[in-house]
1. What's the ranking of A:525-532, A:240-247, A:104-111 by average number of surrounding C-beta atoms within 10 Å, highest first?
2. Between residue A:500 and residue C:36, how many nm apart are label points set 7 Å from Cα along the C-beta direction?
3. Provide, for q = 0.06 Å⁻¹, the log10 of I(q)/I(0) from a solvent-free Debye sum over equal Cα point scatterers in the protein assembly as shown.
4. Output the direction-averaged projected area (hull surface divided by four) of the convex hull of the alpha-carbon atoms of chain C, in nm².
5. In this model, which of C:29/C:225; C:53/C:225; A:212/A:435; A:288/C:53 are farther than 32 Å apart at the alpha-carbon?
6. Work out, step by step, the length gained on full extension between residue A:574 and residue A:622: first 0.36 nm times the residue separation, then minus their alpha carbon distance; give nm to one decimal.
7. Can you give the Rg and Dmax of the stretch C:1-80 based on its C-alpha atoms, in angstrom?
8. Please report the net charge: other residues with Cβ closer than 15 Å to the Cβ of residue A:588, K and R +1, D and E -1.
Amino acid sequence: MTLGLPLFISFLALALSVAVGYRRPRTWLALTVTGTVAGLVAAVYVLLSGDRWEWQSDFLLGGEALRLRLDGLSALFLLLVAVVGGAGAVYSHEYWSDEHNPASAPRGRVWWSSLLLSMGLVLTVANGLHFLIAWELFALCGYFLITLDRRRSGVRAAGWLYLVASHAGTMCLFAFFGLLAAHTGSWELGPLRERGELAPLFWLALIGFGLKAGFFPLHIWLPSAHANAPSHVSAIMSGVAIKMGVYGILRFSGWLPVPAAAGWVVVSLGAVSALLGIAFAFAQNDFKRLLAYCSVENIGIIMIGVGIALLAVSHDDAPWGRLALAGALLHVWNHGAFKSLLFFGAGSVLHATGTRELSRLGGLARNMPWTAGLFALGILAVAGLPPLNGFVSEWLIYLGLFDVATGKGALAWIAMPAAVMLAMAGAIALASFAKAGAMIFLGAPRTQPAARAHECGYWMRGPMLGLAAVCGIIGLAPVLFWPAISEAVACWRPVWGLGEPPAPLAMLGSAQVTLAIIILAAAVWLWRKSRDNGLRRGLTWDCAYAVPTARMQYTSASFAGIVAGWFRWLMLPERTVHRPHGYFPASAIRLERVPETVLERVLAPVGNLVMHASHTALRLQHGRLQFYILYVVAGLIGIGLLVLWGGAQ
Amino acid sequence: MSGTLNLLIGLAMGLNLIALGSSRLPSLIRAMSLQGVLLGMMPLLMEHERLDWRVILVALATMAGKGVVIPTLLRRAMRAANIEREIQPFIGFVPSLLLGAGGTIAAVALARGLPLLPEHVGTLLVPGSLAAILTGFILLIGRAKAISQVCGYLILENGIYLFGLLLIHSTPLLVESGILLDVTVGVFIIGIIVDRIQRAFDSLDTRKLTTLRE
Amino acid sequence: MNLILDLILRLAMWLLLAPLLPGIINKVKAWVAGRRGPPVLQLYYDLAKLWRKGVVMSTLASPGFIIGPAVGWVALLSAALLMPLGPAGSAVSFRGDVLLLIYLLALARFCTAWAAMETGSAFEGMGSAREVSYAVLTEAAIIAAVLSLIVHTSSVTLITMLAPSAGAGAALLAAGLFTVLLAENCRVPFDDPNTHLELTMIHEAMILDHSGPPLAAILHGASIKLLLFAVLLVQAVLPIGEMSPLAAAGVLAGGVLTVTVGVGLVESLLARLAFRRVPLLLTTAFLLCLFALLVAWKGGAK
């Protein structure tokens, strides 16, 4: 019962917060933070002790008793939900407060707690029917959170797209759980690895959960939904909600047998998502869309790790599988932390300037030093640079890939291209975030709103600091987190069991700590030396250009121009150009828009074709009674002829 | 016995053709009601060994209903709508006659191929019913005025009733009487509706009733 | 005690020997052009001069303008300490340190780009954009080269990877790594270190507004990076790790000298490529490393 207590407190606190959220912001905040802290405690306990918590209800829900189970794998994701959920709640206290958004803030609080509750339920239910109920609740809470600011048409369209994609995934999940229940005879979920005929169900689970996780090409809803949602909602969606898809894939590939081709397909999808996702991100001029596409890339990285682990399972439980899966699970945490940090920073910028366009910002570091510094830390983490956490998880996955390559078997044919694509994706990620950070915070402000920006308050700074600290701690002391990750890995594949870190994490950790210390020392020393030598401020020399203006700075589209040109065949940008005329040109316009290729160039034409065909068929529906009776008679005669013809054979 | 039966059914088939050919509504109603009376007599002929008061009651009720009640309702509706003729149907009178005749011949040919109980083999029950059903459909599809379509529906119902006579031993007559009741009530309601249509559109042309489309 | 001595010697070698290389390159270029050229120790004098000078900072820049070069320099020095020096090994060695090296180079690149963008100038923006974009292709080439070494030696630790020679694919790997060296260190044919025209600069554009000690850090860091790549190239091709210490030192020094003279000759004899041709050359480097990987693959297990 010791584990049941924090979970019960968490549930009770969150349920109460749903009830009071509408009218009492402070009470809601206190209750939500209590709930998330209790959930955190429970998750940490499960991860460190290896215990498993199970509970069965007395009442029936839909004909089945409600059974909850919290084991290592669920606890890993529950911890992420708790941390980001709590941080987001604190952040929204100032970011989406009642003063600024009187209509939607009360609703937002209620739906936030409901989202946390439903995610917790998804992670703990052990019954197929209830999983579907919890999944649907989770999707609906997400929809209502995304469309908090319903007055803007972009937000409504984004919410609609999210809902449609979510339900397409749920449809696959209905098929998956239905078939599973039909084959096993009950809705109970548990390890069933010996039933070989269940293997093809993995593909259904991959598509269903993949639509939620958002890897290429199932990511079509992600950019618009995460860009148009309020920033704290984008943070939890990008950091946590899409990981629910990863949880689903992991959970059911651990419990059920998987087809032989599963690992290959997952690694390929992951590598393609990583490279193409970040290429799209680089070409975006809206910083929240950039962050959203970057989530696609990171889900790709996680998928690479999961795919390698699946390959290891079918190849005699090779040790590199454990490495890769550990890297993937750590990346789940890392991405949750740094992506939420980045979205909170983006929210701070949006709150201060009111615009998401990179070409309208600039020079915000002067007025918003905290946001700039924390965003820069987030950038270092997302680009996978030492000494932060992004590097550690990518390092683990790379090691897994390299170990596969040294094996020189058939598997190396997928590991080597994946490693190359991962490296390219990392380089493009560095470029994208150099662009984003530079365009927002460095240089001179390009427009008036950017010049008048103000720093965010303590309620928004606090969560950002907390998440930055998490990034730092995981980066500097990864060995501390190894037991928890190892517990989750052992939960996924008990044969692999716990053990020493298969990679020199301790050495890496100490190397990163040393690096961090030396960096700090060098930075302070150089600053001191420069000041002692004499620090003078002047206009940017700029090769002696006499009258520089803010508009002469490099724009975000120009920065990404070279790489966007390489990917032109995929991105198919739409361009509007009005060249300058005459000797003293008055105006020149160049507009370039990168559409969401899979949605607008593949799905939309197919949809238009279907609509066209339907309109043609609409001509049959004219309302004239006589023709309807004629259709009935024709049908009857047709059936009669069929019967005759069948009888004659 | 089968001779009398065939005679009656032959008469019914002839009434089909009259219904198809007439453009005046009173004659259409009269043909339909006469057909109904003829068909109402059939159970008495088929069951003449085991005549029961129930069978007689149902037959009389059918004859009364189809021969008197329903035509009265229709004539009243017709007078209220103030129409006497079918003008410009979709399927013209000559084509519909030809279709009906062709269908009757096809029905007779088709019936030869169906597996029937030995006592029904020589009778015209199946061809008669198929012919009536076809006639009913032609009237439903081919005519524009609502009352003509109702008559077509009633002839269709006659055909189904005729087919049901094949099962007279197994189908309880309660079912048949139930169907009869439904039909009467239906026609009663249609009478009211026809009045309403007339008031709303100032005509009974069903081509105007296409607004509720999707 | 031994460890500290080793560390000090290693630091001394990297810090003190690195600025020699740009001097040698300039001397070679001068000799080919028939000039006397600047002294070989010129960069030392420049660094000393810069270290004493003051800093002019743009009004738009934040402290990141100075912190950037500092972090970049530390990253490059740390990468250098990870690089093994033949049988002497490296300061720190563990499984997977090759990745730390690659990402430390990426950290240095990021810091340079960030410090450049601080000035809010179009030149720096141009240089940073080009630098980070071409880095995508060089990263692919580096990973392919690293993979070929990994497959050849079945190990992911730098010391074991670089100890033996690259075997049959050595020539391909050498050509690929040499091209990567030219690209990463902003040498002709990718970038001309002597140009200051905005349409032709990459690295020079990024350091245009720096002065004083931060500029010294950047220039010193660049020379460390050149030495790092030269040492990597020599060790990848020759089995230095398996020689005796004296022979190894001699061969390593000779190899680095050869590479430096080679860079100088290439700079003198080739013209800078038009920017639209640069991706082609980088892809060629990637393909060379890829072919080295395939040769190592086919070469059988070790």
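1. Details: A:525-532: 16.5, A:240-247: 25.8, A:104-111: 21.0.
Output ranking for A:525-532, A:240-247, A:104-111: A:240-247, A:104-111, A:525-532.
2. 6.3
3. Each listed q maps to, in turn, -0.62.
4. Numbers: hull surface 62.9 nm².
Computed as one quarter of the Cα hull surface, the answer is 15.7 nm².
5. Numbers: C:29/C:225 20 Å; C:53/C:225 24 Å; A:212/A:435 28 Å; A:288/C:53 42 Å.
Over 32 Å apart, Cα to Cα: A:288/C:53.
6. 13.3 nm is the gain from fully extending residue A:574 to residue A:622.
7. So, for the stretch C:1-80, Rg and Dmax equal 16.9, 50 Å respectively.
8. Working: positive: A:551, A:575, A:579, A:590; negative: A:592.
Residues close to residue A:588 contribute a combined charge of +3.
Rule-based calculations on the coordinates, nothing more; no lab input. Nothing here was measured: the structure is a model prediction, and the numbers come from that model. No Cβ is skipped: glycine too gets one built from the backbone with ideal geometry, and neighbour counts run over all protein chains shown.
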